[in-house]
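Shown next, in structure tokens, is the structure this report addresses.
The values are calculated or read from the model by the stated rules, or taken from the named source; none is laboratory data. As the structure is a prediction and not an experimental result, all values here were calculated from the model. Note that each Cβ is placed from the backbone with ideal geometry, even for glycine, and that neighbours are counted across all protein chains shown.
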There are 2 protein chains.
Amino acid sequence: MPDPAAILAVAIQEARLGLAEGGIPIGAAIFRADGTLLGSGHNRRVQHNDPSAHGETDAFRNAGRQRSYRDLIMVTTLAPCWYCSGLIRQFGFKTVIVGESRTFQGGIAWLKENGIAIQDLDNPECFQMMTGYIRQNPEVWNEDIGED
Amino acid sequence: MPDPAAILAVAIQEARLGLAEGGIPIGAAIFRADGTLLGSGHNRRVQHNDPSAHGETDAFRNAGRQRSYRDLIMVTTLAPCWYCSGLIRQFGFKTVIVGESRTFQGGIAWLKENGIAIQDLDNPECFQMMTGYIRQNPEVWNEDIGED
């Protein structure tokens, strides 16, 4: 298992990139247990007008086809929403590293109930990027999580 | 509410297209309550080497950004997996039309528990396309649903 803070740094880099592009600052990455990076990505709703590109789904896409996700690690700057939690459960990830879950809890309780190990690092930069973005762009954030 | 069989026909057309391309025959579409088609799509794992492109997520992407999904209808040839069920729940769809759920049940019981109306049309062509594909390509199907 790689150092959680070290792999979260890759997801944070993606979130910063998204923010610099004018997008929602959520990043994610997928690693092998030996620390090999398979793919990373970030939310691209604003940049690509693509509502399907959440941080986790973008990282999943960029990692390409994998025969099994059982021994892989998903790391994301924010607790995964139902969409991304469903991805984690369907594809059999067993380990998820979360940057923070204060601004949004998503499906982490449900993932734990289903036997998935969640490690929440409560990282201040993740929290600050999200709260700053939401304060300035509440309508984009609500759209991203399907809140009317 | 548009005629369920008529809107399922659009998803079936997408599934047939996917099959003709050599892919997994699952299609989906998103409609307004007045019958306007907003977007359709199909599984593109094989065609684009894209594990994130399930029928429902491809239709969701192609429909573009929407302010609300509450009054929209998701129609899919096969019961949505956890990934796609999570999408349906997160974005607040209230109505899902399913072509068949005999080969795969996915998250439909969970969606019903969460107040989402599911109408299962048990369509013979949907069932035949899936069973035929799975018989010939069991490893691709297992990869698509994260079965080791």
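Taken as a whole, the stretch B:98-106 holds no residue that is under 18 Å from B:D34 (Cα atoms) and in contact (Cβ under 8 Å) with a residue 12 or more places away in the chain.
If you check every pair at least six apart or on different chains, which have Cβ atoms under 6 Å apart with a residue in the stretch A:35-56 that is more than 17 Å from A:G146 (Cβ to Cβ) first and a residue that is surrounded by fewer than 17 Cβ atoms within 10 Å (Cβ to Cβ) and acidic (D, E) second? Cβ pairs passing all conditions: A:Q47/A:E21.
Scanning for something of a type in the set (D, E) and more than 20 Å from B:N49 (Cα to Cα), does the stretch A:81-100 turn up at least one residue? Yes, that holds for at least one residue.
In summary, helices (runs of 4 or more DSSP H) completely within the stretch B:1-64 and bearing 3 or more residues that are within 13 Å of the chain's Cα centre (by Cα) and buried (at least 16 other Cβ atoms within 10 Å of the Cβ) occur at B:4-20, B:55-62. Here B:Y83 does not qualify as at pLDDT 95 or above, assigned to a loop (DSSP other than H, G, I, E, B) and within 7 Å of another protein chain (Cβ to nearest Cβ). In the stretch A:127-148, the qualifying residues are those that are of a type in the set (D, E, K, R) and assigned to a helix (DSSP H, G or I), and the one that is farthest from the other protein chains (Cβ to nearest Cβ) is A:R135.
For the stretch B:127-143, indicate whether the set of residues that are surrounded by fewer than 15 Cβ atoms within 10 Å (Cβ to Cβ), in contact with a strand residue (DSSP E or B) (Cβ under 7 Å, 6 or more places away or on another chain) and free of Cβ contacts under 8 Å to residues at least 24 places away in the same chain is non-empty.
No, the conditions are met nowhere in the stretch B:127-143.
Taking the residues in the stretch B:65-80 that are touching a Gly at 6+ places or on another chain (Cβ under 8 Å) and either surrounded by fewer than 19 Cβ atoms within 10 Å (Cβ to Cβ) or within 12 Å of chain A (Cβ to nearest Cβ) (or both) as candidates, determine which candidate is nearest to B:F104 (Cα to Cα). For the stretch B:65-80, the residue satisfying everything is B:P80.
All of (1) among the β-branched types (V, I, T); (2) in a helix (DSSP H, G or I); (3) more than 30 Å from A:D71 (Cβ to Cβ) hold for B:I97 with one exception: (2). Applying the condition of being more than 8 Å from chain B (Cβ to nearest Cβ) and not β-branched (V, I, T) to the stretch A:40-52 and asking which residue is nearest to A:F93 (Cα to Cα) yields A:S40. Checking the condition in contact with a strand residue (DSSP E or B) (Cβ under 7 Å, 6 or more places away or on another chain) and either under 30 Å from B:L72 (Cα atoms) or modelled with pLDDT under 95 (or both), which residue from A:L111, A:L121 passes? One residue alone meets the criteria, A:L111. In the stretch A:90-104, of all residues being surrounded by fewer than 23 Cβ atoms within 10 Å (Cβ to Cβ) and more than 19 Å from A:P4 (Cα to Cα), the one that is farthest from the other protein chains (Cβ to nearest Cβ) corresponds to A:T103. Selection of the stretch A:53-64 for residues being within 13 Å of B:G86 (Cα to Cα) and at the interface with another protein chain (Cβ under 7 Å from one of its Cβ atoms) yields only A:T57.
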